[in-house]
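What follows draws every value from the coordinates through simple rules; no lab data is involved. Please read all numbers here as calculations on a predicted model, not as lab measurements. Here the Cβ positions follow ideal geometry from the backbone for every residue, glycine too, while neighbour counts run over all protein chains shown.
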Amino acid sequence: MEIPFDPLPSSKEGWSSGLEFFKELDAWTHKYEQEVARPTATNDQYVRVYVDSAVSKLPGFVAVTIRKVLAESLDDIMRTSLCLEPPGLLLSAFIKVVRTFRITYLRYMALPRSRPIRLVAEQPNPGTTHFNFDQLSFQPWYVKPNFRASWGPVALLLRSFGGKVPSWSKERYQPQGYDLMTIGPDPQKGKGVEEMVTAVGVIKARGVATCPFSQGLGS
C-alpha cells in the first residue's frame, strides 16, 4: 500500500518477524495518539451527530448514559478526544457485571445457534448489485426498504424510541446497499479507485501468497 514506515526503529534494517513489526507499530500508534488525539469541536460534533441525534426524541439522560457506555470501552486518550463523559465507578461496575454474565451465559448455558448470525445479505440486491444490511441500530444504514423493515414489530419499536426506519426517500442512509468502491463520506466517494486497482495489480504481480516476513520482504 506504499505506506512509509520510516518512523519505526527497524525501518532501515528491516524486521525479523511480523511480531517485531507489530510491536513497533503498536508502540508508535499509542505515542501518535497521545500527540494528536485532542478534544476538538469537530470531534464533539461527530459524537453529537451520530450518537445524540439518534436518541434526540428520548429523555436527555438516555443520551448521556449512552455516551458514558461508549466511553467505558475506550482508553482515557480516545475518550477525552471524543469529548465523552467518564462512565463513573457505578456504571463501569454495572457494565462489567453485565458483560461477564453475558460471556458466562453464552459460553456455558446457551444452546448452539441453529444458523450463523447474518449481518449482511448473502446475495447482492438484484436492482443495484450492492449488498444490503439488517438494521442493528437507530439509523437504517444500507437497509433495503420493505414493509417488514419499515412497519414490522422491530420497526415500530424503533419508531417508538425515536429511531429511523428505511425508506427510499432517505438517500442519506444508502438504501440501495453497500458498495466498497463508493463508500463515503460524500466528498470522498469514488476517489482512489484507480489507485486501488493499480495497487491490486502490483500485489498480484508479485505473487506472494505467504507472510512477507518469511519471504525476506520485511524491509
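Summary of values
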quantity	calculated
Axial C-alpha extent at least 24 Å, average Kyte-Doolittle at least 0.5 - helices from the chain (DSSP)	88-108
Option label - Rg and Dmax of the Cα atoms in Å computed here, alternatives (i) 16.6, 50; (ii) 22.3, 61; (iii) 17.9, 62	(ii)
Count, lysine Cα pairs under 27 Å in the chain, 8 or more residues apart or across chains	20
Efficiency of FRET from Cβ geometry, SER56 and ARG148, R₀ 30 Å, rounded to 0.05	0.75
For HIS130, distant residues with modelled amide H under 5 Å away	ASN125
